[in-house]
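A.B. asks: I have a structure I would like to understand better, so I am pasting it below and will then ask my questions one at a time.
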Amino acid sequence: MRFVLPIILLLGFLSPTGKTTPAKAKVNTDDLISAPSLDWLSYHGDYSGRRYSALTEVTPENVKHLRAEWVFHVRNTDWLENTPVVVNGIMFVTAANDAFALDARTGRSIWHHTRPISEGLIDDASRHVSRGVALWHDRVYMETDNAHLICLDSRSGNQLWDVAYADWNKNYGATSAPLIVKDKVLVGTSGGDDGVRGFVAAFDAMSGKLVWRFWTIPGPGEFGSESWPGEAYQHGGGTTWMPGTYDPELNLIFWGTSNPSPDFNDDVRPGDDLYTDCVLALDPDNGKLKWFFQFTPHDLFDYDAVETPIVIDAKYKGQRRKLLVQANRNGYLYVLDRTNGKFLSATAFVQKLNWSTGIDENGRPIRNQVRPSPGGTRVCPGYSGATNWYAPSYSEITHTVYFLALEQCQLYFSAPTGAFQAGKEYYSTGVKHIPGEESEKILLAFNLDTDSFAWRYPQTGQGHSTGGTLSTAAGLLFFGDDAESFEAVDARTGKPLWHFNTGQAMSASPMTYAIDGKQHVAIAAGTDIFSFALP
């Protein structure tokens, strides 16, 4: 391993104004409870997943003056999907298996922890994606492509410990940023299309010792196991490849799970296929399941439910409630009571939706006969979903949820399910583009006060972007658009206010932070981290 440890890291570093900032990155779990302001302390910014910042220096009136302050180029990856994390003027970013500490004012490298990418991985894991770090005290945590959890010293980048939490030879990988809850580091895996058995695991943040593991595919005799006859449970999917959210008052974590495996063919998995395509409410102290809600029972279309479950306290339909809101890959936006998982509503948010005719009073989809076939079946939404992992946000001032939607249909094909083989994907065939079928990304604003969409902002592009959103107390909404630009719109109206052409596709979600009273807004685009500020 190679480490860069400039002397300024030990002594503190000078800002452009000459002020000295202590070079430490100490984060307590209580810091993650309130909405982000000066710092951005986790992948979502705080526990709620709202991606809402209290910063107000950049406003709808002056955002037109926003300019690029610095750009940090990463050379060891083809693209970035991480959200930067900032504390006390230090920014932490990841690329593949590498971690970087940067001066958040200038983008200058402070240290670099490098680790070779893993050979022999398949499918998602072979892309070597890393979506960021988690911080706790003076430690930095990240997942590697082969499902190791590593702990680094935030002051130097030196590795403190390394724990293998899944056997990648069984097709496991990892793409997520970890989540810190109390004194535990929570992690998940990728590989839901490759015949693994999904889980969420918690490790002691100090020692790296396993504390608990919750298997998302029940074993023989457990509740829900009727969908998994014989050894099918060992390869049922239900992976947990994005970080969850947390409610400290209820002491519950909310974690989404992926599609069942094998994809597209249900020969070996009858029934609802629990706990795939679910949001799970788990006790973070012991991993016990408190409740679950399944969005797409017996999924045949790869409609993962790993999209961010947003924790919102708001009046809904005349009653003050503790809500959990998720715009799901299957094309419906769901509102749940997060105290018990009770279904409150579901609203279709794309026009191209043909796999169901609606959602019943209990939250179950009303299915029709649309299913993959040997000759190909037109299914809407397509394989990428009506939305996906790119982050939504929620504004406290507008009571509105913002997210990118995708209007798309594809041909779905099925084939008999073969025997599982380690080191190979477990798809029962796949999807194809429909000639002449156009795709379109749309920025949507769903208002909880009216239980309806406040506005829609269609994008110009091919529908291939995967940039997320960020809302601020100044009434701005930032997002990565579908034309390789970082853009800001008025959060109340959707009116475009500013954009910056990065010249690269965005597959990441933005964040914001402030140093010496100056607000910065940052996003990863292509292989670069961009940080913007007012003159």
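A.B. asks: Quick one: Ala305 ticks every box in (1) over 23 Å from Leu470 (Cα atoms); (2) part of a loop (DSSP other than H, G, I, E, B); (3) in contact with a Gly (Cβ under 9 Å, 6 or more places away or on another chain) except a single one, so which number is it?
C.D. replies: Condition (1) is where Ala305 drops out.
A.B. asks: Among the residues of region 339-363, how many are surrounded by 14 or more Cβ atoms within 10 Å (Cβ to Cβ), among the polar types (S, T, N, Q) and in contact (Cβ under 8 Å) with a residue 40 or more places away in the chain?
C.D. replies: Looking only at that region, the number is 4.
A.B. asks: Follow-up. Can you name every residue in region 376-416 that is touching a residue at least 60 places away in the same chain (Cβ under 8 Å), assigned to a strand (DSSP E or B), among the hydroxyl-bearing types (Ser, Thr, Tyr) and farther than 25 Å from Ala35 by Cβ?
C.D. replies: Tyr412
A.B. asks: On the basis of being out of contact with any strand residue (DSSP E or B) (no Cβ under 9 Å at 6 or more places or on another chain), aromatic (Phe, Trp, Tyr) and either within 30 Å of Pro416 (Cβ to Cβ) or modelled with pLDDT under 95 (or both), does Tyr275 make the cut?
C.D. replies: So Tyr275 fails the test.
A.B. asks: Among the candidates Ala101, Ala125, single out the residue that is in a strand (DSSP E or B), touching a residue at least 40 places away in the same chain (Cβ under 8 Å) and small (Gly, Ala, Ser).
C.D. replies: Ala101
A.B. asks: Tell me, which residue of region 336-375 that is aliphatic (A, V, I, L, M) and assigned to a strand (DSSP E or B) is nearest to the chain's Cα centre (by Cα)?
C.D. replies: Taking the candidates together, the pick is Leu336.
A.B. asks: Considering every residue within region 458-479, establish whether at least one is crowded, with 19+ Cβ neighbours inside 10 Å, among the aliphatic types (A, V, I, L, M) and not in a strand (DSSP E or B).
C.D. replies: Yes, because at least one residue in region 458-479 is crowded, with 19+ Cβ neighbours inside 10 Å, among the aliphatic types (A, V, I, L, M) and not in a strand (DSSP E or B).
A.B. asks: Find the residue count for region 149-163, including only residues that are assigned to a loop (DSSP other than H, G, I, E, B) and touching a Lys or Arg at 6+ places or on another chain (Cβ under 7 Å).
C.D. replies: 2
A.B. asks: So which strands (runs of 3 or more DSSP E) are wholly in region 164-249 and hold at least 3 residues that are free of Cβ contacts under 8 Å to residues at least 40 places away in the same chain and more than 18 Å from Asp304 (Cβ to Cβ)?
C.D. replies: By residue number, no strands (runs of 3 or more DSSP E) qualify.
A.B. asks: Filter region 323-335 for residues that are assigned to a loop (DSSP other than H, G, I, E, B) and not charged (D, E, K, R); which is surrounded by the fewest Cβ atoms within 10 Å (Cβ to Cβ)?
C.D. replies: If we take residues in region 323-335 being assigned to a loop (DSSP other than H, G, I, E, B) and not charged (D, E, K, R), then Asn328 is surrounded by the fewest Cβ atoms within 10 Å (Cβ to Cβ).
A.B. asks: While we're here: In region 167-182, how many are at pLDDT 95 or above and either more than 17 Å from the chain's Cα centre (by Cα) or of a type in the set (A, V, I, L, M) (or both)?
C.D. replies: 7
A.B. asks: Here's a follow-up. Looking at region 186-220, which of its residues are among the polar types (S, T, N, Q) and either within 12 Å of Ala166 (Cα to Cα) or surrounded by 23 or more Cβ atoms within 10 Å (Cβ to Cβ) (or both)?
C.D. replies: Thr189, Ser190, Thr216
A.B. asks: Sticking with this structure for a sec: So how many residues does region 481-520 have that are surrounded by fewer than 23 Cβ atoms within 10 Å (Cβ to Cβ), of a type in the set (A, V, I, L, M, F, W, C), part of a loop (DSSP other than H, G, I, E, B) and touching a residue at least 60 places away in the same chain (Cβ under 8 Å)?
C.D. replies: 1
A.B. asks: Among the residues of region 309-322, which ones are closer than 16 Å to Asn447 by Cβ, surrounded by fewer than 23 Cβ atoms within 10 Å (Cβ to Cβ) and either in contact (Cβ under 8 Å) with a residue 40 or more places away in the chain or touching a His at 6+ places or on another chain (Cβ under 8 Å) (or both)?
C.D. replies: If the condition is that a residue be closer than 16 Å to Asn447 by Cβ, surrounded by fewer than 23 Cβ atoms within 10 Å (Cβ to Cβ) and either in contact (Cβ under 8 Å) with a residue 40 or more places away in the chain or touching a His at 6+ places or on another chain (Cβ under 8 Å) (or both), then Ile312, Ala314, Lys315, Tyr316, Lys317 are the ones that fit.
Table: residues versus (1) under 29 Å from Leu344 (Cβ atoms); (2) touching a helix residue (DSSP H, G or I) at 6+ places or on another chain (Cβ under 9 Å); (3) of a type in the set (Phe, Trp, Tyr).
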position: Thr460; (1), (2), (3): no, no, no
position: Ser465; (1), (2), (3): no, no, no
position: Thr472; (1), (2), (3): yes, no, no
position: Phe479; (1), (2), (3): yes, no, yes
position: Glu484; (1), (2), (3): no, no, no
position: Lys495; (1), (2), (3): no, no, no
position: Phe500; (1), (2), (3): no, no, yes
position: Ser509; (1), (2), (3): yes, no, no
position: Thr512; (1), (2), (3): no, no, no
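The values are calculated or read from the model by the stated rules, or taken from the named source; none is laboratory data. Predicted model only: the values in this text are computed from it and were never measured. Counting neighbours? That spans all protein chains shown, and the Cβs are built from the backbone with ideal geometry, glycine included.
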